[in-house]
Every structure is written in C-alpha cells, then in structure tokens.
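Report on the structure given below.
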Amino acid sequence: MNAGQKKSLRGKRFGKLTVLKQWGKRKNGTYHLCQCRCGNKTIVRGDRLKDRKTKSCGCLQIDMARAIIRNTTQRQQEMQEKISLREG
C-alpha cells in the first residue's frame, strides 16, 4: 500500500455496524454504506466509525432508552410493594 492509499474499511465492524462499501467522498470526509445488526442500512462518515461516535443505525439509542424505562418501572413497582407491605 502506498503512502497516499487509505486502508479499506469494507467488512470491518464498528459497534453494531458492518461496512459494506465506500459510498462516496465529500470535502468533510469519506462516507460508507453500513449494515446494522438489526437489519437497517445507513450511511456513515468514516471518521465517525473510527472514533466510535457512531455505533449503530440509531437502534442502540432506542434499546438503551427502553432498558432505562424498564429498569425505572421495575424500581417503581418494587418501591410500591415495599410501601404496601409497610401499610398492610
């Protein structure tokens, strides 16, 4: 590989994303078409993948929000049960 050539990201995994191919170049970077583990495809700038700033198509953020809601609901139910036991 020459000094001017960049290493291909094709096939590399970054979080839930796998790079399928280079999508194009713009003045602010090189873009890649990626397949997310959930099945969605998304276009991501290469430096965002390498810096681990983009880890999924957006599904990871949704999954994390669901987990927070689920944990909060469980804690609220546990607190309500404790209060009921004290009052009962």
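What follows is calculated from the coordinates using simple rules that are stated; it is not laboratory data. Model, not experiment: these values are computed from the prediction. Cβ sites come from the backbone with ideal geometry, for glycine too, and all protein chains shown count toward neighbours.
Of note:
- Helix 59-87 vs. the chain, principal-axis angle (Cα, 0 to 90°, nearest 10): 10
- Estimated FRET transfer efficiency when R0 is 30 angstrom, pair Gln77-Cys38 (beta carbons, to 0.05): 0.55
- Helix-only mean residue ellipticity at 222 nm for the chain, each DSSP H run of n ≥ 4 adding -39500 (n - 2.57), per residue, nearest 500: -13000 deg cm²/dmol
- In summary, the lysines within cross-link reach of Lys12, defined as a Cα separation below 18 angstrom excluding same-chain residues under 8 places away, comprise Lys21, Lys41, Lys50, Lys53, Lys55.
- HN-Hα J in Hz across region 34-49 - Karplus 6.51, -1.76, 1.60, θ = phi - 60°, x for Gly and Pro: 10, 10, 8, 4, 6, x, 6, 10, 8, 9, 9, 5, x, 5, 5, 6
- Modelled this way, with points 7 Å down the Cα-to-C-beta line, the labels at Arg10 and Ile62 are 3.0 nm from one another.
- Over the chain, relative contact order from alpha-carbon pairs under 8 Å, at least 6 apart, %: 18
- Cα-based radius of gyration for region 13-87, normalised by 2.2 N^0.38 Å, reads 1.73.
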